[in-house]
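A.B. asks: Shown below is the structure under consideration.
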Ligand code: GLC
């Protein structure tokens, strides 16, 4: 009896040893539940074909919270996660901190958007990330309530007021326009669009400032949308992030929604009340300057501290392959980082607006690609949000923000 138990133990041990050390790739990714399910399925398939196990580390959908959790792990030089998705807004920080393992030289970058790869995904000449999906701000509108989308913010406001007033007779909770005004990174992305080409982060002589006429005008308009015009709900500056905005529009209570391309597939889902009624348009332009669509999106990178480098690289190659990027389009409606998919006939049949989006991405405006961008953004978020709450005037808020930004820049020894 004893002998059998010993033999059994020996057998167990030898099986365990033959599998070698734990080769699992830990993949950190955030998002809505449906998105995380998508990643789970893809990871399972990778394991089935390669034999390499993948563990998903589920992150929140708020980009600032995702960044914080990865920074904690990387600063502590933890070996997990091995692979993660990074917002384009924080790749500058991650590469300057030397947290990214250069990707293998044989990764084929040709099918990707060249300009994006060259400005965002290379650091000191080496490839350190690949774009998994691209974002650019778009305007969703109710095709059944307006004939054409507005070209300027002023026409959007006029139309929002008119339609809101008419709709409220039957729908008392109807609003003209929802956008991401809560105090987080999403607020900055819409602020850049309200300001247009003459505003946003003004980068000159190595310095960055916000106090300029286009930004003052933009802030005044953002506050007015909430109060006194009240075409945007009062909780815009306290609660509105991507998913809150998306759900409000999807329930059928909203005329215009500023969001990212991911919302389109959800609006068109079988059980969506706005299915077939949703149009996608370019973000409107301010009175002075041209329209801006903020460049967003998430890129995949491998941790400098991974202990499963070869497995991690294989996983990166798998999720950026033509077939899997296509799957991401078909199942989630996301816009792939690979340019070669935008002409795929089966994709265009499912999402006809895809071709138009290709040029939106090529012209979208990035946020400053600096290692200290997140700190500047945090300052801007606070002061802009105070204006939306009615606690500060636009000029005063932007002047204070600039003073703090100069402090950050001088800590990084950059001439303000
Ligand atoms: C989207 C964009 C990202 C941006 C974020 C702001 O996820 O892809 O770049 O920073 O929204 O909320």
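A.B. asks: Can you tell me which residue among 329, 316 is within 16 Å of the ligand (Cβ to nearest atom) and closer than 25 Å to residue 37 by Cα?
C.D. replies: Answer to the check: 329.
A.B. asks: For the condition more than 16 Å from the ligand (Cβ to nearest atom), free of Cβ contacts under 8 Å to residues at least 24 places away in the same chain and assigned by TED's automatic domain parsing to the domain that holds residue 254, what is the one hit in 170, 155? Lay out the reasoning, then the answer.
C.D. replies: Working: 155 fails: free of Cβ contacts under 8 Å to residues at least 24 places away in the same chain.
Exactly one residue qualifies, and that residue is 170.
A.B. asks: Moving on. If residue 309 passes every condition in (1) surrounded by fewer than 20 Cβ atoms within 10 Å (Cβ to Cβ); (2) at pLDDT below 95 but one, which one does it miss?
C.D. replies: (2)
A.B. asks: List, please: which pairs have Cβ atoms under 9 Å, are six or more places apart or on different chains, and start with a residue in the range 54-80 that is assigned by TED's automatic domain parsing to the domain that holds residue 91 and farther than 18 Å from residue 22 by Cβ and end with one that is away from the ligand (no atom under 16 Å from the Cβ) and part of a strand (DSSP E or B)?
C.D. replies: 69/57; 70/303; 74/303
A.B. asks: Moving to a separate point now. Being at pLDDT 95 or above and part of a helix (DSSP H, G or I) is true for just one of 115, 66. Which residue is that?
C.D. replies: Numbers: 115 fails: at pLDDT 95 or above.
So the residue among 115, 66 that is at pLDDT 95 or above and part of a helix (DSSP H, G or I) is 66.
A.B. asks: Is it true that residue 87 is modelled with pLDDT under 95, near the ligand (Cβ under 10 Å from one of its atoms) and at negative phi?
C.D. replies: On the way: modelled with pLDDT under 95: no; near the ligand (Cβ under 10 Å from one of its atoms): yes; at negative phi: yes.
When the stated conditions are applied, residue 87 does not pass them.
A.B. asks: So residue 239 ticks every box in (1) more than 16 Å from the ligand (Cβ to nearest atom); (2) at pLDDT 95 or above; (3) surrounded by fewer than 18 Cβ atoms within 10 Å (Cβ to Cβ) but one. Which box is left unticked?
C.D. replies: Evaluating residue 239 over (1) more than 16 Å from the ligand (Cβ to nearest atom); (2) at pLDDT 95 or above; (3) surrounded by fewer than 18 Cβ atoms within 10 Å (Cβ to Cβ) leaves (1) as the failure.
A.B. asks: Of all the residues that make up the range 195-205, how many are surrounded by 24 or more Cβ atoms within 10 Å (Cβ to Cβ) and within 15 Å of the ligand (Cβ to nearest atom)?
C.D. replies: 1
A.B. asks: Checking residue 302 against (1) more than 15 Å from the ligand (Cβ to nearest atom); (2) part of a helix (DSSP H, G or I); (3) crowded, with 20+ Cβ neighbours inside 10 Å, which single condition isn't satisfied?
C.D. replies: Against the list (1) more than 15 Å from the ligand (Cβ to nearest atom); (2) part of a helix (DSSP H, G or I); (3) crowded, with 20+ Cβ neighbours inside 10 Å, residue 302 comes up short only on (2).
A.B. asks: Right, here's the next one. Output the number of the condition that residue 178 fails; it satisfies all remaining conditions of (1) farther than 20 Å from residue 368 by Cα; (2) more than 24 Å from the chain's Cα centre (by Cα).
C.D. replies: Only one criterion is unmet by residue 178, namely (2).
A.B. asks: Report every pair of residues separated by at least 6 positions or lying on different chains whose Cβ atoms are under 6 Å apart, first residue within the range 10-35 and under 27 Å from residue 329 (Cα atoms), second in a helix (DSSP H, G or I) and modelled with pLDDT of 90 or more.
C.D. replies: 25/311; 25/312; 25/315; 29/39; 30/66
A.B. asks: Can you name every one of the strands (runs of 3 or more DSSP E) wholly within the range 189-297 that holds 1 or more residues which are out of contact with any helix residue (DSSP H, G or I) (no Cβ under 8 Å at 6 or more places or on another chain)? Show your work before the answer.
C.D. replies: Numbers: elements: 202-204, 207-209, 254-259, 278-281.
Those strands (runs of 3 or more DSSP E) span 202-204, 278-281.
A.B. asks: Report yes if some residue within the range 370-377 is surrounded by fewer than 18 Cβ atoms within 10 Å (Cβ to Cβ) and part of a loop (DSSP other than H, G, I, E, B); otherwise report no.
C.D. replies: yes
A.B. asks: Going through the range 118-137 one residue at a time, which ones are more than 27 Å from residue 196 (Cα to Cα) and either modelled with pLDDT under 95 or more than 17 Å from the chain's Cα centre (by Cα) (or both)? Break it down stepwise before answering.
C.D. replies: We begin by selecting, within the range 118-137, every residue more than 27 Å from residue 196 (Cα to Cα); these are 122-130.
Within the range 118-137, 122, 123, 124, 125, 126, 127, 128 qualify.
A.B. asks: Another question, if that's okay. Give all pairs with beta carbons closer than 9 Å in which a residue from the range 280-298 that is within 11 Å of residue 156 (Cβ to Cβ) meets a residue that is within 12 Å of the ligand (Cβ to nearest atom) and in a loop (DSSP other than H, G, I, E, B); count only pairs at least 6 apart in sequence or on separate chains.
C.D. replies: Final answer for the pair search is 283/137; 283/293.
The values are calculated or read from the model by the stated rules, or taken from the named source; none is laboratory data. These numbers come from a predicted model, not from an experiment. Neighbour counts are summed over all protein chains in view; Cβ atoms, including those assigned to glycine, are modelled from backbone coordinates with ideal geometry.
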